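The values are calculated or read from the model by the stated rules, or taken from the named source; none is laboratory data. The model shown is predicted, which means the values in this text are computed figures rather than measured ones. FYI the Cβ positions are ideal-geometry reconstructions off the backbone, even for glycines, and counts take in every protein chain you see.
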Amino acid sequence: MRATWLGQAGFRIEIDGACCVVDPWASPHELRLVPPPPETLTADGVDWVLVSHEHLDHLDPPVLRLAAERSPAARLVLPRSIAHLVEDIVPADRVVAVEPGDVLDLGGVECRVVPAIHGVTMEDAYGDGSALGHGPRFVGYVLGGERRLYFAGDTIVTGEVREALEGLEIDVALLPINGRDAERHARGLVGNMDAAEAVDLALGIGAATLVPYHWDGFAGNTVAPGATADLADGRLHVVVPGRFQPLELP
């Protein structure tokens, strides 16, 4: 099991012989703080691209188009309610539309689709997106069989999220930690769990390793990742990833 952090929420995950790229983001933005990931990591040798929701730092059309071109066998997985957003980007026969509760076979790698609680804007936060019509718009993914990795997407921690993860025997949890507060809400920024909540969730689902993400991408929406290790206080292994550097995960 190997994960290479692409910045913000993006990862290239190699697990059980398959290569999955999740939420790759490379396009310019006036508030972007981090360099774009190398195209070799986002587009070459990719079997599956997984997208958790529609925000621009998670669903990046130019990156999806490039991956479709440079990895001709790659398929795209994303929530059914937003599949229309990629109609002119990825051929329909290479798109797999999903909802929470679905279980996929990614070329021999089990993928469980789990709920995430977020918001397209503050007007519909915090829910699964169904309030906007056409079903849930936010998901997370649990990958693997004997060893399992959980990528949360963007989410806060709720009973629904915890219940979906119970009994899955997750070994590694990739979790956002940028949190939420009144000041950012006033700027229209829908938040996530914070570092303390991420540690509590990882411990609650029995994960041995926590990898924090979504702390570096945008000016005005960053946090110090080292606080996650401090809060864990030795109760689980916290790995603060280096951008574009592969992590061999236990």
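Hey, can you tell me all the residues within the stretch 169-192 that are surrounded by fewer than 16 Cβ atoms within 10 Å (Cβ to Cβ) and either aromatic (F, W, Y) or not in a helix (DSSP H, G or I) (or both)? Break it down stepwise before answering.
First, the residues of the stretch 169-192 that are surrounded by fewer than 16 Cβ atoms within 10 Å (Cβ to Cβ): 169, 181-183, 185-188.
Selection gives E169, D181, R187, G188.
Quick one: would you say V90 is free of Cβ contacts under 8 Å to residues at least 40 places away in the same chain, on the phi < 0 side of the Ramachandran plot and of a type in the set (A, V, I, L, M, F, W, C)? Full working, then the answer.
Working: free of Cβ contacts under 8 Å to residues at least 40 places away in the same chain: yes; on the phi < 0 side of the Ramachandran plot: yes; of a type in the set (A, V, I, L, M, F, W, C): yes.
When the stated conditions are applied, V90 passes them.
Among the numbered conditions (1) within 30 Å of L132 (Cα to Cα); (2) within 14 Å of the chain's Cα centre (by Cα); (3) β-branched (V, I, T), tell me where V86 comes up short.
Status for V86: all satisfied but (2).
In the stretch 5-26, which residue that is over 11 Å from V51 (Cα atoms) and among the charged types (D, E, K, R) is surrounded by the most Cβ atoms within 10 Å (Cβ to Cβ)?
R12
Considering only residues that are of a type outside the set (G, A, S), assigned to a loop (DSSP other than H, G, I, E, B) and surrounded by fewer than 22 Cβ atoms within 10 Å (Cβ to Cβ), which ones fall in the stretch 193-214? Quick ask: steps written out before the conclusion?
As a first pass, look at the stretch 193-214 and keep what is of a type outside the set (G, A, S): 193-194, 197, 199-201, 203, 205, 209-214.
Going one step further and asking which of them are assigned to a loop (DSSP other than H, G, I, E, B), we end up with 193, 205, 214.
If the condition is that a residue be of a type outside the set (G, A, S), assigned to a loop (DSSP other than H, G, I, E, B) and surrounded by fewer than 22 Cβ atoms within 10 Å (Cβ to Cβ), then I205 is the only one that fits.
Have a look at G45, G10 and point out the one that is in contact with a helix residue (DSSP H, G or I) (Cβ under 9 Å, 6 or more places away or on another chain), modelled with pLDDT of 95 or more and at positive phi.
Working: G10 fails: at positive phi.
The unique qualifying residue is G45.
Quick check, is R243 touching a Gly at 6+ places or on another chain (Cβ under 6 Å) and either surrounded by fewer than 16 Cβ atoms within 10 Å (Cβ to Cβ) or free of Cβ contacts under 8 Å to residues at least 12 places away in the same chain (or both)?
For R243, the condition - touching a Gly at 6+ places or on another chain (Cβ under 6 Å) and either surrounded by fewer than 16 Cβ atoms within 10 Å (Cβ to Cβ) or free of Cβ contacts under 8 Å to residues at least 12 places away in the same chain (or both) - is met.
For the stretch 34-68, how many residues meet the condition of being β-branched (V, I, T) and surrounded by fewer than 20 Cβ atoms within 10 Å (Cβ to Cβ)? Don't jump to the end; show me each part of the working.
Going residue by residue through the stretch 34-68, those that are β-branched (V, I, T) are 34, 40, 42, 46, 49, 51, 63.
Those still in the list that are surrounded by fewer than 20 Cβ atoms within 10 Å (Cβ to Cβ) too: 34, 40.
Residues in the stretch 34-68 being β-branched (V, I, T) and surrounded by fewer than 20 Cβ atoms within 10 Å (Cβ to Cβ): 2 in total.
Residue-wise test of (1) in a loop (DSSP other than H, G, I, E, B); (2) at pLDDT 95 or above; (3) crowded, with 19+ Cβ neighbours inside 10 Å.
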{"site": "E110", "(1), (2), (3)": "no, yes, no"}
{"site": "V114", "(1), (2), (3)": "no, yes, yes"}
{"site": "V120", "(1), (2), (3)": "yes, yes, no"}
{"site": "E123", "(1), (2), (3)": "yes, yes, no"}
{"site": "R137", "(1), (2), (3)": "yes, yes, yes"}
{"site": "G140", "(1), (2), (3)": "no, yes, yes"}
{"site": "E146", "(1), (2), (3)": "yes, no, no"}
{"site": "I156", "(1), (2), (3)": "yes, yes, yes"}
{"site": "E160", "(1), (2), (3)": "no, yes, no"}
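For the stretch 81-108, name all the residues that are buried (at least 18 other Cβ atoms within 10 Å of the Cβ) and part of a helix (DSSP H, G or I).
The answer is S81, I82, A83, V86.
Just to be sure I understand the filter: pairs with C-beta atoms under 7 Å, separated by 6 or more residues or on different chains, first member in the stretch 122-145 and over 17 Å from L59 (Cβ atoms), second member of a type in the set (D, E). Which pairs pass?
Every condition considered, the pairs that remain are A131/D124; G144/D16; G144/E110; G145/D16; G145/E110.
Among A207, A186, A152, which is the only one that is more than 14 Å from A9 (Cβ to Cβ), touching a strand residue (DSSP E or B) at 6+ places or on another chain (Cβ under 6 Å), modelled with pLDDT of 95 or more and not aromatic (F, W, Y)? If you could, list the steps in order and put the result at the bottom.
Numbers: A186 fails: touching a strand residue (DSSP E or B) at 6+ places or on another chain (Cβ under 6 Å); A152 fails: more than 14 Å from A9 (Cβ to Cβ).
Only one candidate passes the filter, namely A207.
Conditions first: (1) free of Cβ contacts under 8 Å to residues at least 24 places away in the same chain; (2) over 28 Å from A164 (Cα atoms); (3) not hydroxyl-bearing (S, T, Y). D102 passes all but one, so which condition is the exception?
In the conditions (1) free of Cβ contacts under 8 Å to residues at least 24 places away in the same chain; (2) over 28 Å from A164 (Cα atoms); (3) not hydroxyl-bearing (S, T, Y), D102 misses (2) alone.
Out of all the residues in the stretch 1-54, which are closer than 20 Å to L78 by Cβ, of a type in the set (F, W, Y) and not in a loop (DSSP other than H, G, I, E, B)?
Matches in the stretch 1-54: F11, W48.
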